[in-house]
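A.B. asks: The structure's right below; bear with me while I get my questions together.
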Amino acid sequence: MFLALGEIRRAKARFALLVSAVALLTFLILVQQAIQTGLITSFVGAIRVQSAPMLVYPVDGQRTLQGSVIEPALARAIAAVPGVAATGPIAQRTFTAVVDGGKPSNAALFAYRDASLGGPGSLSSGRLPRAAGEAVGSAQDYTIGDRVRILGPGRSPAITVVGLAEDAQIQVTPTLFVRWGDFLAASRAVNPDAGAVLPGAIGVRPAAGVDAAELARRIDRADPEADALTRSAAADRTPGVTQVRQSFQLIFLLFALVVPLVTGLFFLIVTLQKSRSLTLLRAIGAEPRVLIRSLLLQVGLILSGGIALGTLLFAPLSQMTIGSLALRFDARSVLFWAVLLLALGLLSALTAARRVLRIDPFEATTGGGAR
Amino acid sequence: MRLALRELHRRPGRFVVATAILTLIAILLMVLGGLLDGLTAGSTGAFRAQRASLIVYSATAQDSLVRSRITPATRRTVERSAGGKVGGLGSIQLGARIPGRGPRDLVPVILFGFELPPKGLPSSPPGGRDVWADTSLRVRGVRIGTVVRLGPARTPVTVAGFVSDTRFSGQGTLWGSLATWRSVLAVNRPAEQAGAGVVQALVVEGATQRPAAIDAATGGATRTLTIGGAIAALPGLSQQQSVFNQIIGITVAIGVIVVALFFALITVERTPLYGVLKALGAGSRSLFEGVLVQAVAVTAAASAIAVAASLALAAAIPAGSIPFVATPQRLLTSTVYLLIAAVVGCVFSLRRILRIDPASAIGGEQ
C-alpha cells in the first residue's frame, strides 16, 4: 500500500491526467443520463401522472394525444367492451399563454372530464380543480395562485393554478390539467372556425378483477380503430420515446467502453515500465498478491477519484434547466454508473495483473525484468 | 521522423490499444455529430426547402406553425407592406394508410398546403387531390401513383412526384395545394379547421421590407421571421444543438487527454533511448516530430476506422429508428477535431523531451 501511494505521489501529473479523463467521462455519462431521463419525463410525464389506468387512442392518432381524434362511435364502442368499468374523454393541446401578465409562453392543456380518468393522479401540493377556470400545473413550471390566460383572437377564460403535480409535463412543455369545459373554451378562443372539439383518447378503468393488459387486447379486438394501452405502455410507446432511448443507449455503450480501455491501457503501460522494479521486489521476497493488491489499490483509487470528481462536476449542473427540460440528480443512477465504471475499470486492470503474476524473480539476476 | 514511422511499422502492437481507444472516441464523435445532423435535418427540411426569405406567423403563435392563424385581412396587409410575392402555408400531422401495409401500420406524415413552391416542387401547386411526397416516404412503400389515405376520415391523396430533404418534425411530408390542406384539415381535425382564406403562415419571396416593418404594418398582429430565424425558433432545436455541441467538445477534450496520457507514458518509457539519440546528435525538435507523427498516424488510422464504422452504422440503421446520418462534412470535421486533439495532446510530452539530458546516455543522470 505504501508503494502504491508513494508512486502516485511521485508521478502526480500522469495519475492526474488519468483521473481527469475518468472524471470527464463520468461527467459526460451522468449528464447524458440526466438529459435522457429528463427528456422522457418531460415528454410523457403527464401520461404517467394522469389517473386513468388505461388509454385508448384511435389507430390514426399514432399514440399522440395532440394528433388524435376519437369519434363518438369509437368512444361508444370502447365503453361497451365487457370488462370496462368506466370511461372518460381526455384531450391535450398546446396553446400560447400569459402567466400573471408576463411574456407569452407555451402551455399544454391536458383536459379530462372525470378526475379519476385523466386527472392528475397525485398532487405535490394544493388541490384538484373544483370549479371552471381552475387547474393543476406541472410543479416545475407553476406555483399555486398563478393566473394563466390563453392568447387567441377569441375570449378565453383565465385559469388559476390551485394544485401542483410533480413530473407532469407533456411534450417538454409547461402543463396544466384542466376540466373539459375550460379546454373547449380555450380551443374555441384560439380558433373561431373550430368545429366539434373531440377527445384525443379515452381513459378507461377496468372492472374489478380485470387485468388491464388483457382488457387492452379485448378492446383492440372489439374495434379495429381502437389502440388500447396500459398507462405505462402508453408512456413508453409514445412516438419518439423509443428513439430517444436507443440513441442514448448507443452513446452510453461507447462511453462505457472508453473508461475501462483508457484505465486498462494506462496501468498496462505503467506495469510494463516498472517491470524491472517489480522483478526486484519479487526477488527480495515480495509476494505476487502484495503487488497485485498494490496495483488494484491504485486502480481503485484512480477510478474512485475520477468518478467522485465527475459526480462533483455533475452535481451543480443537475440542478439546471435546459429550456423547459429540468435535469435532476438521481442518486440511484449515479450509484449505478459509479459501480459499473469501477467494476469495468478493475476488470480492465486484469491484463496488467496478469503481467505482474508472470514476473519471474530469477530474471532479477539476469536483467530480464526489463524485457 | 523516419525512426517513428519505422517503429509504427515494425511494432504496430504497441499502438493497438491506443488506436482502439481513439477509434472508440472517434466513433463517439461521429455518432454524436451524426445524431445531431439527423435530428436537425429531419426537423427542419420543410423550412430549409423554402425559396422564400421570410415567414409570417400570427403574433400569438409563439413561432409555431400549427398554432398560427393568418386571416385574409392580415394577409392583404402583409401583401401591401412586404413587397415581393406572398403565399399561404398550412400543415397538419396525420396517420397515413399506404397500400400494402397492415390496417394498424400507419405512417406518420405531415401534409403541407402551399402556394409558393419550395425547392424541388413544380412551379404551381398540384391540382385536385394530388400531392408530392418527400423521398423518405419511399422506404414506407410510397410510389408515384400511390393513393395515400390520410387521417381518420381516410381522405385520399395521390402521389404525383417526389421531393427530397423536406422532412419536418422528424416525419415525412406531403405537399399539396392549400385547398387540399384545408379539406383534409376540416374532415380530420374539425377543432383545427381553417375558415375561408385562413392559412397558418405566409411565406414572402423577394421581400423588400424588413420583418419589423411588416409587423408594424399589421399593427403587431404578426411576427415575421427570416427562414433561418424560423428554423432556430423550432421548439427545442437550439437547445438540442447547444447540448450536443457541448458533449462533442468534452469528447474532444477526452481525446486530448487520452493522446496526452498515452504519449506521455511512451515518452517516459523511451527516456533512455532519447538520451542516446540526443547524445548521437538528434535534436529535441526531431524527437518531438517523431512523437507527433506517431500521434497523428494513430489518430488518422482510428479516424479512418471510425469513418468506416459510421458509414456502416448509417447503412445498418433501419429507416425511421435512430435519426443518424453520416455526412461527409461531419466525418471530415470530426477527423480534423481529433487530429487537432492529437497534436495538442502531444504537447504534454514536449516538456519531458526537452528535459532529457544527453549525458544520461552514459549514466550521467545518476
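The values are calculated or read from the model by the stated rules, or taken from the named source; none is laboratory data. It should be emphasised that the depicted structure is a prediction, and the values quoted were computed from it without experimental measurement. With ideal geometry, Cβ positions are generated from the backbone for all residues, glycine too; neighbour counts draw on all protein chains shown.
A.B. asks: Could you tell me whether A:Q36 is at the interface with chain B (Cβ under 9 Å from one of its Cβ atoms), part of a helix (DSSP H, G or I), under 22 Å from the mean Cα position of the chain (by Cα) and within 30 Å of A:P316 (Cβ to Cβ)?
C.D. replies: Against the criterion (at the interface with chain B (Cβ under 9 Å from one of its Cβ atoms), part of a helix (DSSP H, G or I), under 22 Å from the mean Cα position of the chain (by Cα) and within 30 Å of A:P316 (Cβ to Cβ)), A:Q36 does not qualify.
A.B. asks: (1) touching a Pro at 6+ places or on another chain (Cβ under 6 Å); (2) among the charged types (D, E, K, R); (3) not in a strand (DSSP E or B): which one isn't true of B:R138, the others all being true?
C.D. replies: That leaves (1) as the condition not met.
For (1) within 16 Å of the chain's Cα centre (by Cα); (2) surrounded by 15 or more Cβ atoms within 10 Å (Cβ to Cβ); (3) at negative phi; (4) away from every other protein chain (no Cβ under 13 Å), each residue gets a yes or a no:
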| site | (1), (2), (3), (4) |
| --- | --- |
| B:L234 | yes, yes, yes, no |
| B:L237 | yes, yes, yes, no |
| B:Q246 | yes, no, yes, no |
| B:Y274 | no, yes, yes, yes |
| B:K278 | no, yes, yes, yes |
| B:A282 | no, yes, yes, yes |
| B:V298 | no, yes, yes, no |
| B:A304 | no, no, yes, yes |
| B:A312 | no, no, yes, yes |
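A.B. asks: Residues that are in a helix (DSSP H, G or I), farther than 22 Å from B:I254 by Cβ, touching a residue at least 40 places away in the same chain (Cβ under 8 Å) and polar (S, T, N, Q): does region A:316-325 have at least one? Full working, then the answer.
C.D. replies: In the first step, residues of region A:316-325 are kept if they are in a helix (DSSP H, G or I); the result is A:316-317.
Next cut, farther than 22 Å from B:I254 by Cβ only: none.
The answer is no, given that none of the residues of region A:316-325 is in a helix (DSSP H, G or I), farther than 22 Å from B:I254 by Cβ, touching a residue at least 40 places away in the same chain (Cβ under 8 Å) and polar (S, T, N, Q).
A.B. asks: Of the numbered conditions (1) part of a helix (DSSP H, G or I); (2) at pLDDT 90 or above; (3) surrounded by fewer than 16 Cβ atoms within 10 Å (Cβ to Cβ), A:A338 satisfies every one except a single condition; which is it?
C.D. replies: (3)
A.B. asks: Specify the residue that is nearest to A:A234 (Cα to Cα); the eligible residues are those in region A:97-111 that are in contact with a helix residue (DSSP H, G or I) (Cβ under 7 Å, 6 or more places away or on another chain) and crowded, with 22+ Cβ neighbours inside 10 Å. Please lay out each step first, then the result.
C.D. replies: From region A:97-111, those in contact with a helix residue (DSSP H, G or I) (Cβ under 7 Å, 6 or more places away or on another chain) are A:104, A:109-111; that's our starting set.
With crowded, with 22+ Cβ neighbours inside 10 Å added as a condition, the list becomes A:109-111.
Details: A:L109: 18, A:F110: 15, A:A111: 17 Å.
Ranking the qualifying residues of region A:97-111, first place goes to A:F110.
A.B. asks: Another question about this same structure. Only one of A:L272, A:L268 is surrounded by fewer than 21 Cβ atoms within 10 Å (Cβ to Cβ), assigned to a helix (DSSP H, G or I), at pLDDT below 85 and in contact with an Asp or Glu (Cβ under 9 Å, 6 or more places away or on another chain); which?
C.D. replies: Only one candidate qualifies: A:L272.
A.B. asks: Only one of these conditions is not met by B:S321: (1) under 37 Å from the mean Cα position of the chain (by Cα); (2) assigned to a helix (DSSP H, G or I); (3) polar (S, T, N, Q). Which number is it?
C.D. replies: B:S321 satisfies every listed condition except (2).
A.B. asks: Turning to a different aspect of this structure: Among the residues of region A:227-252, which ones are in contact with a strand residue (DSSP E or B) (Cβ under 6 Å, 6 or more places away or on another chain) and more than 10 Å from chain B (Cβ to nearest Cβ)?
C.D. replies: If the condition is that a residue be in contact with a strand residue (DSSP E or B) (Cβ under 6 Å, 6 or more places away or on another chain) and more than 10 Å from chain B (Cβ to nearest Cβ), then A:A228, A:L229, A:T230, A:A234 are the ones that fit.
A.B. asks: Quick one: which of A:P120, A:P58 is crowded, with 24+ Cβ neighbours inside 10 Å, at the interface with chain B (Cβ under 9 Å from one of its Cβ atoms) and either closer than 20 Å to A:A233 by Cβ or free of Cβ contacts under 8 Å to residues at least 60 places away in the same chain (or both)? Even if it seems obvious, please write down each step before you answer.
C.D. replies: Details: A:P120 fails: at the interface with chain B (Cβ under 9 Å from one of its Cβ atoms).
A:P58 is the lone residue from the list that is crowded, with 24+ Cβ neighbours inside 10 Å, at the interface with chain B (Cβ under 9 Å from one of its Cβ atoms) and either closer than 20 Å to A:A233 by Cβ or free of Cβ contacts under 8 Å to residues at least 60 places away in the same chain (or both).
A.B. asks: If I go through region B:188-213 residue by residue, how many of them are within 14 Å of chain A (Cβ to nearest Cβ), within 15 Å of B:V86 (Cα to Cα) and not β-branched (V, I, T)?
C.D. replies: Qualifying residue count for the region: 2.
A.B. asks: Within region B:144-157, does at least one residue satisfy the condition of being of a type in the set (D, E, K, R) and within 18 Å of B:S321 (Cα to Cα)? Show your work before the answer.
C.D. replies: Filtering region B:144-157 down to residues of a type in the set (D, E, K, R) leaves B:149, B:154.
In the following step, the residues that additionally are within 18 Å of B:S321 (Cα to Cα) were identified as none.
No - not one qualifying residue is present in region B:144-157.
A.B. asks: I've got another one for you. Conditions: (1) farther than 23 Å from B:T135 by Cα; (2) assigned to a helix (DSSP H, G or I). B:L225 meets all but one. Number of the miss?
C.D. replies: Against the list (1) farther than 23 Å from B:T135 by Cα; (2) assigned to a helix (DSSP H, G or I), B:L225 comes up short only on (2).
A.B. asks: Please verify whether B:R104 is assigned to a loop (DSSP other than H, G, I, E, B), more than 14 Å from every other protein chain (Cβ to nearest Cβ) and surrounded by fewer than 15 Cβ atoms within 10 Å (Cβ to Cβ), treating the condition exactly as stated.
C.D. replies: When the stated conditions are applied, B:R104 does not pass them.
A.B. asks: Still on this model: If you check A:G181, A:G154, A:G195, which single one turns out to be over 13 Å from A:F95 (Cβ atoms), in contact with a helix residue (DSSP H, G or I) (Cβ under 7 Å, 6 or more places away or on another chain) and surrounded by fewer than 19 Cβ atoms within 10 Å (Cβ to Cβ)?
C.D. replies: Selected residue: A:G195, the only one of A:G181, A:G154, A:G195 that is over 13 Å from A:F95 (Cβ atoms), in contact with a helix residue (DSSP H, G or I) (Cβ under 7 Å, 6 or more places away or on another chain) and surrounded by fewer than 19 Cβ atoms within 10 Å (Cβ to Cβ).
A.B. asks: For region B:193-212, enumerate the residues that are surrounded by fewer than 23 Cβ atoms within 10 Å (Cβ to Cβ) and touching a Ser or Thr at 6+ places or on another chain (Cβ under 9 Å).
C.D. replies: Answer for region B:193-212, where residues must be surrounded by fewer than 23 Cβ atoms within 10 Å (Cβ to Cβ) and touching a Ser or Thr at 6+ places or on another chain (Cβ under 9 Å): B:G195, B:G197, B:V198, B:E205, B:G206, B:Q209, B:R210, B:P211, B:A212.
A.B. asks: From the set of residues in region A:303-331 that are closer than 25 Å to A:L347 by Cβ and either at pLDDT below 90 or of a type in the set (S, T, Y) (or both), which is farthest from the chain's Cα centre (by Cα)?
C.D. replies: Taking the candidates together, the pick is A:S304.
A.B. asks: Look at region B:214-232 and say how many of its residues are within 12 Å of another protein chain (Cβ to nearest Cβ) and among the charged types (D, E, K, R).
C.D. replies: Qualifying residue count, region B:214-232: 1.
A.B. asks: Ok, one more. Against the conditions (1) farther than 30 Å from A:Q36 by Cα; (2) charged (D, E, K, R); (3) away from chain B (no Cβ under 14 Å), where does A:R149 fall short? Just the number, please.
C.D. replies: Of (1) farther than 30 Å from A:Q36 by Cα; (2) charged (D, E, K, R); (3) away from chain B (no Cβ under 14 Å), only one is false for A:R149: (3).
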